[in-house]
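Since the structure comes first, as structure tokens, the remarks are kept for the end.
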Amino acid sequence: ATSASCASAASPSGEGGELLEPHPLIDAGAFEVRWGACSAHSRVVSGRMPAGLVAPTPDESEAALTSAGLMCIATGAVGGVHKSYFAGQLRRSGGWFMLELCVLYAGGTVQATYRADSAGGMPPLCGHFSALLGRLFAAPLAEV
């Protein structure tokens, strides 16, 4: 099931947040179209959580990402995988930075797929949000 009832984005903080508009607005339909159109500018990272880790809940993950400047688009579980979609609007270009977060709680795997309208803002934002997710899940994320 997927839910569009996500908390709204807070003011961005941290290094990556300085590259993002403070209150991005994009509806789910527009996000889906952009997500599909931006596959050329895509990066995937993943990592494994340590055994015995009490992993953050989906709500805790969402809170961390929205407080860092992203807007939650949709979230939900399909089978044993919890997926969440986030977006942030780039400050200078007005383009979009998007994130699909997949967490397999039973297997201890975290995967983040980043996409953007252009490659310009990708490196610092991917690094910023990968570090944030790595701290959150105690799982250093590496490119796959």
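Within the chain, what whole-number % of the accessible surface is contributed by carbon and sulfur, with the 1.4 Å probe and all protein chains included in the calculation?
57 percent
How far is helix 28-37 tilted, in degrees, relative to the longest principal axis of the Cα atoms in the chain, given as a value from 0 to 90 rounded to the nearest 10?
Approximately 90 degrees, to the nearest ten.
Determine ³J(HN,Hα), in whole Hz, for all residues of region 44-50 in sequence, where each value follows from phi through the Karplus function 6.51 cos²θ - 1.76 cosθ + 1.60 and θ = phi - 60°; x replaces Gly and Pro.
10, 10, 8, x, 10, 6, x
When only C-alpha pairs under 8 Å and at least 6 residues apart count, what is the relative contact order of the chain, in percent?
32 percent
GNM, the chain, Cα, under 10 Å: largest mean-square fluctuation among GLY88, GLY69, GLY107?
Between GLY88, GLY69, GLY107, it is GLY107 that shows the largest mean-square fluctuation.
Angle, helix 122-137 long axis vs. longest principal axis of the chain, Cα atoms, 0 to 90°, nearest 10?
Helix 122-137 and the main axis of the chain meet at about 30 degrees.
Could you tell me the accessible area of SER118 in Å² (1.4 Å probe, neighbours in place), rounded to the nearest ten?
The value for SER118 is about 50 Å².
Taking a ≥ b ≥ c as the square roots of the eigenvalues of the Cα gyration tensor of region 70-109, is the shape rounded (a/c under 1.5), prolate (a/b larger than b/c) or oblate?
prolate
Calculate one ³J(HN,Hα) per residue across region 76-83 by plugging θ = phi - 60° into the Karplus curve 6.51 cos²θ - 1.76 cosθ + 1.60, and present them in order as whole Hz with x for glycine and proline.
Karplus-based 3J(HN,Hα) across region 76-83 equals x, 10, 10, x, x, 10, 9, 10 Hz.
Using alpha carbons only, how many degrees (0 to 90, rounded to 10) separate the axis of helix 58-67 from the longest principal axis of the chain?
For helix 58-67, the angle is close to 30 degrees.
Quick one: which residues, 5 or more positions from THR109 or on another chain, have an amide H under 5 Å from its amide H? H modelled 1.01 Å from N in the peptide plane, none for Pro or chain starts.
MET49, LEU104
Around HIS41, which amide H atoms from residues at least 5 apart in sequence, or from another chain, sit under 5 Å from its own amide H, with H modelled in the peptide plane?
ALA116
The values are calculated or read from the model by the stated rules, or taken from the named source; none is laboratory data. Predicted model only: the values in this text are computed from it and were never measured. These area figures cover heavy atoms from the full protein model, side chains too; ligands, DNA and RNA do not enter into them. Shrake-Rupley method; radii C 1.70, N 1.55, O 1.52, S 1.80 Å.
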